[in-house]
Amino acid sequence: MLPLIGTKRLCELTQADLDKLAKDMRPGCSRATLKRHVYSPFMAAYNSAVENEPPLADPRRWKTPKVEKKAVNPPNDDYIAKLCAAALSKTKARGKAYRMSLKPERDVAAVLFLTFTGCRSGEAQRLALGDLQLERGYALLRKTKNGKPRQVALAPVLTEALRAHIAKLREGKADDATLVFKFKTRWGLPQMV
């Protein structure tokens, strides 16, 4: 970034300079890439200079390229049914029948939980039994991306899948701190789906 800015002082830069810098640094890139690779780092450095003692630049607002949000296409019921069936299905290998999943109740509940709540896989993996309120139809996600806990509603089909999975969990030593969707690694849930 610095070689393209040259000898201009930070307080002398204009919006036109920033726009030219973005085009020179990442020619032909999308607006989202420019915003992520040029505008955001520049604005962070500029704001740091403003907060410095003594300030190295005057506070100002920089404009970033407008980025259109892509529409999300949620999976249809047929696709969800296929995912659940795959977790429950058996396959033959070397003349023996094997389950596709070692824990089909967990996997079905996990697929439905991610689909119906829209939560991130990391949020689902941190969900403890004590965070579920099946009678009331909600779950509390304590650790979220933005750090603020939030509640998610549970659809009836999801509640039934969770009940089946929790029944299996309770066969072992499970308490309120037990994770609902426990996998061996943090990538277990994304890989399963």
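The values are calculated or read from the model by the stated rules, or taken from the named source; none is laboratory data. Computed from a prediction, not measured in an experiment: that's the story for all the values here. Quick reminder, even Gly has a Cβ in these numbers, built from the backbone with ideal geometry, and neighbours come from all protein chains shown. Just the protein is used for accessible areas: all its heavy atoms, side chains included, with ligands, DNA and RNA removed. Shrake-Rupley method; radii C 1.70, N 1.55, O 1.52, S 1.80 Å.
Observations
- Considering each residue of the range 12-22 in turn, none proves to be of a type in the set (S, T, N, Q), surrounded by 11 or more Cβ atoms within 10 Å (Cβ to Cβ), under 25 Å from the mean Cα position of the chain (by Cα) and modelled with pLDDT of 90 or more.
- In this structure, Tyr79 does satisfy being aromatic (Phe, Trp, Tyr), in a helix (DSSP H, G or I) and open to solvent by 70 Å² or more (accessible area, probe 1.4 Å).
- Taking the range 143-177 as the range and being within 22 Å of Val108 (Cβ to Cβ), of a type outside the set (Lys, Arg) and at pLDDT below 85 as the test, the residues that pass are Leu169, Glu171, Gly172, Ala174.
- Close pairs from the range 164-193: first under 15 Å from Leu129 (Cα atoms), partner assigned to a loop (DSSP other than H, G, I, E, B) and among the polar types (S, T, N, Q), Cβ under 7 Å, at least 6 apart: Leu169/Thr178
- Residue in the range 15-24 that is over 30 Å from Phe116 (Cα atoms) and either part of a loop (DSSP other than H, G, I, E, B) or of a type in the set (Val, Ile, Thr) (or both) present: no
- Test set (1) at pLDDT 90 or above; (2) in a helix (DSSP H, G or I); (3) open to solvent by 80 Å² or more (accessible area, probe 1.4 Å) - Pro27 fails condition number: (2)
- First in the range 3-25 and without any contact (Cβ under 8 Å) to a residue 60 or more places away in the chain, second anywhere and open to solvent by 90 Å² or more (accessible area, probe 1.4 Å) and part of a helix (DSSP H, G or I), Cβ under 8 Å, 6 or more apart: Leu21/Leu4; Asp24/Leu4; Met25/Leu4
- Search result, residues across the range 177-193 that are part of a loop (DSSP other than H, G, I, E, B) and open to solvent by 100 Å² or more (accessible area, probe 1.4 Å): Lys182, Lys184, Arg186, Trp187
- Residue check for Asn47: open to solvent by 60 Å² or more (accessible area, probe 1.4 Å), within 30 Å of Met192 (Cβ to Cβ) and not acidic (Asp, Glu): no
- The range 116-138 residues that are over 22 Å from Met192 (Cβ atoms) and free of Cβ contacts under 8 Å to residues at least 60 places away in the same chain, paired with ones that are open to solvent by 40 Å² or more (accessible area, probe 1.4 Å) and part of a strand (DSSP E or B) (beta carbon under 7 Å, 6 or more apart): Gly137/Ala153; Tyr138/Gln151; Tyr138/Ala153
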